[in-house]
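Right, one structure below, let's go through it.
The values are calculated or read from the model by the stated rules, or taken from the named source; none is laboratory data. What you see is a predicted model; the values in this text were computed from it and never measured. Every residue, glycine as well, gets a Cβ built from its backbone with ideal geometry; the counts of neighbours run over all protein chains shown. Please note that ligands, DNA and RNA were not included when accessible areas were found on the heavy atoms of the full protein model with its side chains. Shrake-Rupley method; radii C 1.70, N 1.55, O 1.52, S 1.80 Å.
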Amino acid sequence: MKLSSKTIVITGGGSGIGRALTLAALSRGARVAAVDLRAEGLKETAALANAGDRLSTHVADITDRAAVAALPDAVAKAHGGIDGLINNAGVIQPFVPVSDLTLDQIDRLMTINLTGPINVTKAFLPVLLARPEAHIANVSSMGGFIPFPGQTIYSAAKAAVKLLTEGLYAELLDTNVGVSVIMPGAVATNISVNSGVDMGAMGATDSKAASRALPAENAAKIILDGIEAGRLHILVGKDAKMLNKLVRIAPAWAIRFIQKQMKSLLQKT
């Protein structure tokens, strides 16, 4: 589905990949409804976009079903028809093992990263099915296909998003709605800050890893190119592509490799 003249809903549009997706979609001629919990982030995105009425901003918590249920009408009022949805909003967990997470933290991670996209998809799917052409894209993670110690619950939620999206793809094959699952590797964003995660010494000292992270603008281009090409799996970054191949060829070795890398990082915290 080409994005020009289409209306796309993007969650998490106030920062990071969501902001980059919003700006990139607008540059391709789309109209965008950017959704975020943070009003200040949406204001910053709108100022950067300077897109007039082609951009609308909507403050909403994707875990609040009543707020999400009101979004389709609000977006339609601003733009008319709705042609696409990118479920991007999400948070990471503190870099600690499952044994050190509280049940409240686990509930929050699962609710935001899994239940949130389900809420938004359920709200917009009837509208998308009524369009001549439409698309749903859900942001998973390379953590959704290979485990990262210290991000186990986050990865579990993202793995569920991956299978949810593949299930939607199967269910919607005979419809006008295309489906993509997006699996980014390391992307340079403020997700740790927005997630309320203190990176401690890891964030202060691991500048080498940060320098290898893909700029959000580059990630957005890969994602939108994949959506326009109708790809089911959109792997974002060399690290995601490499690990996707590696875990298929030698899963146990690949998991041990990641464990070793994460162990050295976690020792810095």
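The residues of segment 217-254 that are among the β-branched types (Val, Ile, Thr) and farther than 30 Å from residue 45 by Cα, listed by number, are 247, 249. Tallying residues that are open to solvent by 20 Å² or more (accessible area, probe 1.4 Å) and not β-branched (Val, Ile, Thr) within segment 128-154 yields 11. Residues in segment 155-197 that are modelled with pLDDT under 90 and either in contact with a helix residue (DSSP H, G or I) (Cβ under 8 Å, 6 or more places away or on another chain) or open to solvent by less than 20 Å² (accessible area, probe 1.4 Å) (or both): 189, 190, 191, 192, 194, 195, 197. Among the residues of segment 90-142, the ones that are part of a strand (DSSP E or B) and without any contact (Cβ under 8 Å) to a residue 12 or more places away in the chain come to 0 in all.
Where in segment 1-81 are there helices (runs of 4 or more DSSP H), lying wholly inside it, with at least 2 residues that are open to solvent by 10 Å² or more (accessible area, probe 1.4 Å), hydrophobic (A, V, I, L, M, F, W, C) and in contact (Cβ under 8 Å) with a residue 60 or more places away in the chain? By residue number, 16-27. Just so you know, in segment 97-119 the residues that are of a type in the set (A, V, I, L, M) and open to solvent by 50 Å² or more (accessible area, probe 1.4 Å) include one that is farthest from residue 149 (Cα to Cα), and it is 118.
Taking the numbered list (1) assigned to a helix (DSSP H, G or I); (2) more than 27 Å from residue 82 (Cα to Cα); (3) of a type in the set (Gly, Ala, Ser) in turn, residue 150 passes all entries but (1). The residues in segment 24-47 that are closer than 22 Å to residue 231 by Cβ, touching a strand residue (DSSP E or B) at 6+ places or on another chain (Cβ under 9 Å) and not β-branched (Val, Ile, Thr) can be counted, and the count is 3.
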